[in-house]
1. Of the candidates 89, 220, 169, which one comes out as most mobile in a Gaussian network treatment of the chain with C-alpha springs shorter than 10 Å?
2. Among 192-200, 49-57, what's the highest-first ranking by average C-beta atoms within 10 angstrom per residue?
3. Quote to one decimal, in nm, the extra length available between residue 234 and residue 252 on full extension: 0.36 nm per residue of separation minus the C-alpha distance between them.
4. Where both partners of a DSSP beta bridge lie in the chain, what percent of those bridges are antiparallel, to the nearest 5?
5. Grab the Cα-Cα distance for residue 95 and residue 213, subtract it from 0.36 nm times how many residues apart they are, and report the gain in nm with one decimal.
6. Label-point separation (nm) for residue 5 and residue 85, each offset 7 Å from Cα along Cα-to-Cβ?
7. Between segment 209-257 and segment 1-67, how many Å separate their Cα centres?
8. May I ask you to derive the FRET efficiency for residue 41 and residue 109 from their Cβ-Cβ distance with R0 = 30 Å, giving the value to the nearest 0.05?
């Protein structure tokens with residue numbers, strides 16, 4: 001798709017039902033993110049997600065996808081346990097979780113990890129992007145953004161991207177790429193460069209968590225973020241209508257005839 005200048009559409013999600021829906025929509029990549037921890041299970045952060053939990057989520061999504069490529073995030077806490085443990089963990093995501101690609105964050109300075117996984121037969125979607133703390137929002141999420149406005153920064157990301165490609169990465173996730181470093185990296189490597197946070201049309205494609213894109217998460221009830229839909233508000237209204245039917249003695253909708 002990159003060679004033919006076709007933009008790549010990737011979405012992040014965590015469950016069987018939504019996996020079936022997005023697969024029918026024609027997206028190219030379905031990514032099971034470690035954000036499943038905070039978004040679906042109420043954990044404090046992505047770093048709290050275990051390997052067993054990622055395998056569970058990946059298995060559910062894999063069962064719902066028949067045509068798109070499936071990617072599964074590697075739990076960051078395992079990266080500190082040594083290369084052998086990392087390889088065994090990645091094999092579990094492939095063999096038990098059914099993922100086609102393992103997405104690993106924070107590898108800009110760790111091409112050796114990509115090389116080890118590649119040598120073990122695991123396809124790697126490697127993330128790069130420097131982090132500068134800007135501010136914390138009420139949800140305790142920290143917005144991260146690199147300075148990509150100077151020539152040295154651009155060269156840094158180009159070099160990092162080339163190293164990851166040489167190590168065997170099949171795709172890159174360039175977070176907060178910006179309109180300067182982003183296009184430079186896209187041109188520098190032959191593998192697709194996608195972006196979620198801080199990405200833009202200058203990349204080979206985009207990845208967006210479905211829950212954010214369609215307002216599926218509960219926080220969409222109270223914010224004014226521009227989305228493609230607000231499923232949370234629709235669900236709230238529908239459940240209120242159901243409750244009203246029950247309390248008024250009316251037959252409820254959604255039951256088999």
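1. Per the Cα network of the chain with a 10 Å cutoff, 220 tops the list.
2. Put in order of decreasing packing, that is 192-200, 49-57.
3. Gain in length upon complete extension: 4.8 nm.
4. Around 5 percent antiparallel, to the nearest 5.
5. 39.5 nm
6. Roughly 4.8 nm, to one decimal.
7. If you average the Cα positions of each part, the centres end up 22 Å apart.
8. Computed FRET efficiency for residue 41 and residue 109 comes out at 0.50.
Read-outs: derived from the displayed coordinates by stated rules, not from any lab. For clarity, every value in this text was computed on a predicted model and none was experimentally measured. Because the Cβ atoms are built from the backbone with ideal geometry, glycine has one as well, and the counts that use them run over all protein chains shown.
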